[in-house]
Amino acid sequence: MSTIALPKVEPLDPIRPKRRGLSPWQVWGVALLAPYILVFAVFVVYPVAYGFWLARDPQSYVRLFDDPVFAGAVVNTLVFLIIGINVKMLVALFLSGFFVNTRPWIKWLSILFILPWAVPSIPTILSVRFMLNPEWGLVNQVIFRLTAADGPNWLNDRWLALTMAILVHVWKSLPFWTMILIAGRLTIPPELYEAASVDGASKWQKFRFVTWPSLATLYLTSTILSMIWTLGDFNSVYLLTGGGPADLTHVLATLGIRYLRLDQVDLAMATIVVAMPFVLPLMYFMMKRLSK
Amino acid sequence: MSSVSFHHVEKSFGATKVIHGISFDIADGEFMVLVGPSGCGKSTLLRMLAGLEDITSGTIAIDGRVVNDVDSKDRDIAMVFQSYALYPHMSVRENMGFRLRLRRADRREIDTRVARAAQILKLEPYLDRFPRELSGGQRQRVAMGRAIVRDPKVFLFDEPLSNLDAKLRVQMRSEIKALHQRLKTTTVYVTHDQIEAMTMADRIVVMHDGRVEQIGRPLDLYDRPNNLFVAQFIGSPAMNVVSGTVRRHNGSAWLEADGVRWPMGEVPGAEGQPVVFGVRPEHLDLARTDGDHVAGDVIVVEPTGAETELLVQVGASQVTLVTSGRPRVRPGERIALAVEPGMGHVFDRESGQRLVD
Ligand SMILES: Nc1ncnc2c1ncn2[C@@H]1O[C@H](COP(=O)(O)OP(=O)(O)O)[C@@H](O)[C@H]1O
Ligand SMILES: [Mg+2]
């Protein structure tokens, strides 16, 4: 038998001596943070501050609130956020359950499905716009072939056009959120479903008691994040309807652009400032969730 | 409580067949252990019984009723998973009562049954905790509690102890055994650990590559393994095997292997037959009297206190010997080995099957 000699271990100082100046660790920390802080200051703090400065005149807000287009845009934005996003997330939740199945053909389908997200917005949304053209658009031509009746004038009615814009938005960003929720579902151990089967759970009960409790946090976070992003999404509306007909389908994001084009920079900035009450509570929720 | 029977059960995943026609019956109240090396198909067989895998062909019956097309939830079974599969967002109490809740059982009945199971498994202090707040052993107990809360027809266990440390494993082994003696529910228990199988089972099914090698009571498998696979799988340290040829002369028989002459005693096998001779380490001993011995060189000496294990080079083979006490031998020393009469096993070299007398 031989004994193993244990290496002598110096006991750690229970109380660290106080040092003056920065430890090497802290110096490195500052050095590594500095470029980030610089970039943040130049590209985030400065433009935001400048924006607020441009929108500093209270008269801008009076004019903004007096503009009937503004009230319509607020309503549209709320419809977009509350109905559009929730419908989208519900569909994404459903589809993620469908795609997470491991059957091979579903993998191929999912590649097809991710395409709208992967292709650039401008050509695709414009092509949707062409498809919806009441005279020569593909959609109405098909409707005419099948029913011999004229299809609706898709983009010429406020609610129809807004619905189309929401659908374009859903079509475009659904794949992304579906993928996020698929990733969330993949973290649920399959034995939980097996245990639930043995325990006698139906499909719905498995969703209710296994899937949803594990996915709820991710789902709510995604919904809020999607709302924040959607507030800044002007493609879906701008490229499809251009805010028309008669400026009836503007959302806050496109309204800002409209004022810019009318050379009313202060109103454009005021619009963005007005969007803050929408964003800040959402941001607050996000921060709380992420810091949990 | 119920009987279970497998009848010509086969299973393929795509083109790969992993279960090749298995038939056996489990009696009402029996504790049956499926044992075999990893990948031999134990879990697949158990999962087919649980209704978690389709049965490719053949039938599985519970209580005489074929369940091939019966949903898992209608088979009235309870299963303990290797990972425990506790619902992470439910407390221990909710985990245990989940099945009853799905069955819309009366609230008070759920409480009584959960309380009773918690008492049996000493889980009362933890009922309001969540799985993540429990130790491995406690989670294991909750998984069992979930199973016993509702008297199922059959308990299924899939390697329930393999995530526990060695000491806890031994303790839970006896707890599960005690639980079975108390509840007498028919149990199918899957493990790759032959010690678990030996200590817990009423009967053992030894599986290998999707086939049954032997079914029997633990000591029967130990004393009379049907083939080389079972002989070497059951028992620890494993049975020594030496390949050679049977020689018979003047009423005595021995095995000739690489110039070494192993006395075999009264065993089957014809003169000149190529065989594998097997002898368990505890049936080899240091020769204490004159007689028919085998000479060997000690390689390793491992005292465990009550016993000593020796690794000995005999001819071209290395054999293990377990002897009681603490013999004074050193590595490198030449010793004489005695085979306990009547304790040798002889297998056909080609088929690996036990030669019957
Ligand atoms: N879902 C599956 N798809 C394909 N092959 C599988 C699947 N499940 C198990 N197998 C294969 O079946 C064989 C038996 O597996 P399993 O029953 O898990 O073995 P054990 O539980 O005895 O370790 C293994 O070769 C394994 O790779
Ligand atoms: Mg297994």
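The values are calculated or read from the model by the stated rules, or taken from the named source; none is laboratory data. These numbers come from a predicted model, not from an experiment. We place every Cβ from the backbone using ideal geometry, glycine too, and count neighbours over all the protein chains shown. When the accessible area is computed, the model is the full protein with side chains, heavy atoms only, and any ligands, DNA or RNA have been set aside. Shrake-Rupley method; radii C 1.70, N 1.55, O 1.52, S 1.80 Å.
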Karplus-derived 3J(HN,Hα) from phi for segment B:173-178 (6.51 cos²θ - 1.76 cosθ + 1.60, θ = phi - 60°), whole Hz, x at Gly and Pro, runs 3, 6, 5, 5, 4, 5
Placing +1 on each Lys and Arg Cβ and -1 on each Asp and Glu Cβ in the protein assembly as shown, then taking the dipole about the Cα centre, the residue among B:W254, A:V30, A:G244 whose Cα reaches farthest towards the positive end is A:G244
Per-residue average of other protein chain Cβ atoms inside 10 Å, peptide A:196-207 -> 6
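Quick one: net charge around B:R203, please, counting Lys, Arg +1 and Asp, Glu -1 for every other residue with C-beta under 12 Å from its C-beta.
Working: positive: B:R217; negative: B:D25, B:E30, B:D202, B:D220.
So the environment of B:R203 carries a net charge of -3.
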B:H20 neighbourhood, Cβ < 10 Å, K/R = +1, D/E = -1, net charge +1
Each label sits 7 Å from Cα toward the beta-carbon; between A:K107 and B:R129 the label points are separated, in nm, by 4.1
For B:K153, counting only lysines whose alpha-carbon sits under 19 Å away and dropping same-chain residues fewer than eight positions off, the answer is B:K73, B:K177, B:K184
Taking 0.36 nm per residue of separation between B:E53 and B:S236 and subtracting their Cα-Cα distance, the length gained on full extension comes to 62.5 nm
For the pair A:A31 and B:E350, the simple spin-label estimate (label points 7 Å beyond Cα toward Cβ) gives in nm 7.7
Averaged over the residues of B:84-94, the number of partner chain Cβ atoms within 10 Å of each residue's own Cβ comes to 4
Counting only DSSP beta bridges with both partners in the protein assembly as shown, the antiparallel fraction in percent, to the nearest 5, comes to 80
Ranking A:M179, B:M264 from most to least accessible area with a 1.4 Å probe gives A:M179, B:M264
For segment A:208-292, the Kirkwood Rh over every pair of distinct alpha carbons, in Å, works out to 14.7
Under the rule rounded for a/c under 1.5, else prolate if a/b exceeds b/c, else oblate, using alpha carbon gyration tensor axes a ≥ b ≥ c, segment B:1-151 is classed as prolate
Taking Cα atoms, the helix A:138-147 axis meets the longest principal axis of chain A at an angle in degrees (rounded to 10) of 60
In terms of the charge dipole of segment A:131-271, which places +1 on Lys and Arg and -1 on Asp and Glu at the beta carbon, the residue among A:L146, A:L231, A:L167 farthest towards the positive end is A:L146
In Å, the Kirkwood estimate of hydrodynamic radius for chain A over Cα pairs equals 23.5
Under a Gaussian network model of chain A whose springs join Cα atoms within less than 10 Å, the largest fluctuation of A:Q205, A:Q59, A:Q26 belongs to A:Q26
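In Å² (nearest 100), what accessible area is buried between A and B, both sides summed, heavy protein atoms only, 1.4 Å probe?
Using a 1.4 Å probe, the pair buries roughly 1600 Å².
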Measuring from its Cα centre, the protein assembly as shown shows a charge dipole (+1 at each Lys and Arg Cβ, -1 at each Asp and Glu Cβ) which, in debye to the nearest 20, is 2100
Rounded to the nearest Å, the spacing of the alpha-carbon centers of segment B:49-111 and segment A:108-128 is 44
Ranking B:L219, B:M198, B:A143 by how far each Cα lies towards the positive end of the charge dipole of chain B (+1 on Lys and Arg Cβ, -1 on Asp and Glu Cβ), the top one is B:A143
For the pair B:D25 and A:V265, the simple spin-label estimate (label points 7 Å beyond Cα toward Cβ) gives in nm 9.3
In degrees rounded to 10, the 0-90 angle between helix B:92-102 Cα long axis and the longest Cα principal axis of chain B is 70
Within segment B:4-229, the percent of DSSP beta bridges that are antiparallel, given to the nearest 5, stands at 55
In segment B:4-229 the accessible area split gives carbon plus sulfur, as whole percent at 1.4 Å, a share of 46
Probe 1.4 Å, all chains present, heavy atoms only: A:I37 accessible area in Å², nearest 10, is 100
Relative to chain A, whose Cα atoms define the longest principal axis, helix A:190-199 and its Cα axis are tilted in degrees, nearest 10, by 80
Of the convex hull drawn through the C-alpha atoms of the protein assembly as shown, the volume per residue in Å³ is 294
Note to self: C-alpha centroids of segment B:292-346 and segment A:129-182 sit apart, in Å, by 85
Taking a probe of 1.4 Å and leaving out DNA, RNA and ligands, segment A:246-292 shows per residue an accessible area in Å² of 57
Expressed in square angstrom to the nearest 10, the accessible area of A:L248 with a 1.4 Å probe stands at 70
Chain B: spread of alpha-carbon positions along the three principal axes, whole Å, largest first, is 78, 45, 33
Measuring from its Cα centre, chain A shows a charge dipole (+1 at each Lys and Arg Cβ, -1 at each Asp and Glu Cβ) which, in debye to the nearest 20, is 1000
With every protein chain kept in place and a 1.4 Å probe, segment B:229-357 has an accessible area per residue in Å² of 51
Contour minus Cα-Cα span, A:A216 to A:A71, at 0.36 nm per residue, comes to 48.8 nm
Straight-line reach check, B:K42, cutoff 19 Å on alpha carbons, 8 or more apart in-chain or any other chain, hits among lysines -> B:K11, B:K17
Binned at 10 Å from zero, the C-alpha pair distances of segment B:240-348 give percents of 15, 49, 28, 8, 0
Highest mean packing first, using Cβ neighbours within 10 angstrom, the peptides A:184-193, B:163-172 sort as A:184-193, B:163-172
Contour minus Cα-Cα span, A:N86 to A:M286, at 0.36 nm per residue, comes to 70.3 nm
Cross-link reach from B:K122 to aspartates and glutamates, straight Cα distance under 12 Å and at least 8 residues apart if same chain, gives B:E175
